[in-house]
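Below is one structure; the comments refer to it alone.
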Amino acid sequence: MRYGFADQDWAAAKAEMKAILAARAKLRGMIPYSDLVGRVKAIQLAPDSFALAAMLGEISEEEDAEGRGMLTVIVVHKHGDMQPGPGFFDLAKRLGRNTSDIMRCWVEELKRVHAVWSK
């Protein structure tokens with residue numbers, strides 16, 4: 001069980017989410033948290049839930065380990081700053097990114113991910 005979801009449901013939702021993110025990254029696009037959770041059908045996630053944050057973290061860690069950067073850099077707030085949330089930058093720092101200037105960190109990671117997926 002993870003965040004109240006059976007392991008197989010979690011895995012299915014994560015695979016679905018990764019496919020959605022990869023398709024958007026191929027187009028050099030971004031996606032709001034609320035739109036992303038609305039497109040995942042395997043489980044119901046809230047845009048501000050710990051479960052979503054955990055799933056996004058797992059995806060970014062796995063993608064970064066494969067050398068493709070933090071894929072979840074494209075998941076952003078729909079209103080306001082239109083950037084990833086603070087959890088993204090916490091993970092970025094743990095993965096060795098320089099987060100002293102979060103705008104620069106975000107833009108550099110976004111360019112990296114878009115370059116990888118849009119090939």
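Taking the condition assigned to a helix (DSSP H, G or I) and touching a Leu at 6+ places or on another chain (Cβ under 9 Å), does ALA115 pass? No, not satisfied.
Only residues that are of a type in the set (D, E, K, R) and either exposed (fewer than 15 other Cβ atoms within 10 Å of the Cβ) or under 25 Å from GLU109 (Cβ atoms) (or both): list them for segment 2-51, please. Selection gives ASP7, ASP9, LYS14, GLU16, LYS18, ARG24, LYS26, ARG28, ASP35, ARG39, LYS41, ASP48. Of the residues making up segment 66-104, those that are closer than 20 Å to LYS26 by Cβ and small (Gly, Ala, Ser) are GLY67, GLY69. Within segment 1-54, if we keep just the residues that are polar (S, T, N, Q) and touching a residue at least 24 places away in the same chain (Cβ under 8 Å), the residue that is farthest from VAL113 (Cα to Cα) turns out to be SER49.
Within segment 75-94, the set of residues being surrounded by 14 or more Cβ atoms within 10 Å (Cβ to Cβ), free of Cβ contacts under 8 Å to residues at least 40 places away in the same chain and closer than 13 Å to LEU56 by Cβ comprises PRO84, GLY87, PHE88, PHE89, LEU91, ALA92. Residues that are touching a strand residue (DSSP E or B) at 6+ places or on another chain (Cβ under 6 Å) and more than 9 Å from ALA42 (Cβ to Cβ) within segment 1-29 comprise just one, ARG24.
Rule-based calculations on the coordinates, nothing more; no lab input. These numbers come from a predicted model, not from an experiment. Cβ atoms come from the backbone with ideal geometry, glycine included; neighbour counts cover every protein chain shown.
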